[in-house]
Amino acid sequence: QVQLVESGGGLVQPGGSLRLSCAASGSNSRIYAWGWYRQAPGKQRELVASMASGGTRHYADSVWGRFTISGDNAKNLVNLQMDNLKSEDTAVYFCNADRRTEPVSWFQPSDLWGQGTQVTVSS
């Protein structure tokens, strides 16, 4: 059974940086597309960044220019580099893996979620 395990969350001051990682275990095939979501208290979960094996990357307007998604298909690993963090970036961050088993040009979310990692931006 495939599991996603996230790491890298924590407390950071405004303007600081954090790098989140998400690794898949138990998968016999590569993961070709990923998404990073976040959910702040009292708000809906939102997609902040996604990437696909064809090279397509998308970012929410609120994080464009500050967040960078990257990954290694061979290692079933995805990262989210977050720079110039703001207090409004405070949330629990979740990774999501596309279940399709061949190279794709866009991210399709699935029921495969990580456990979430808390990011708190505060002085």
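Structure notes:
- Residues that are of a type in the set (V, I, T), under 16 Å from Q118 (Cα atoms) and within 15 Å of the chain's Cα centre (by Cα) number at least 1 in the following strands (runs of 3 or more DSSP E) confined to the range 1-100: 3-7, 46-52, 91-97.
For (1) touching a residue at least 60 places away in the same chain (Cβ under 8 Å); (2) open to solvent by 50 Å² or more (accessible area, probe 1.4 Å); (3) within 13 Å of L20 (Cβ to Cβ), each residue gets a yes or a no:
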residue: S53; (1), (2), (3): no, no, no
residue: V63; (1), (2), (3): no, no, yes
residue: K75; (1), (2), (3): no, yes, no
residue: D83; (1), (2), (3): yes, yes, yes
residue: C95; (1), (2), (3): yes, no, yes
residue: Q108; (1), (2), (3): yes, yes, no
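- Members of the range 1-17 that are open to solvent by 30 Å² or more (accessible area, probe 1.4 Å) and either without any contact (Cβ under 8 Å) to a residue 12 or more places away in the chain or of a type in the set (A, V, I, L, M) (or both): V2, V5, L11
- V104 being of a type outside the set (S, T, Y), open to solvent by less than 40 Å² (accessible area, probe 1.4 Å) and modelled with pLDDT under 95: yes
The values are calculated or read from the model by the stated rules, or taken from the named source; none is laboratory data. Values in this document were obtained by computation on a predicted structure and should not be read as measured data. Virtual Cβ from ideal backbone geometry, glycine too; neighbours counted across all protein chains shown. These area figures cover heavy atoms from the full protein model, side chains too; ligands, DNA and RNA do not enter into them. Shrake-Rupley method; radii C 1.70, N 1.55, O 1.52, S 1.80 Å.
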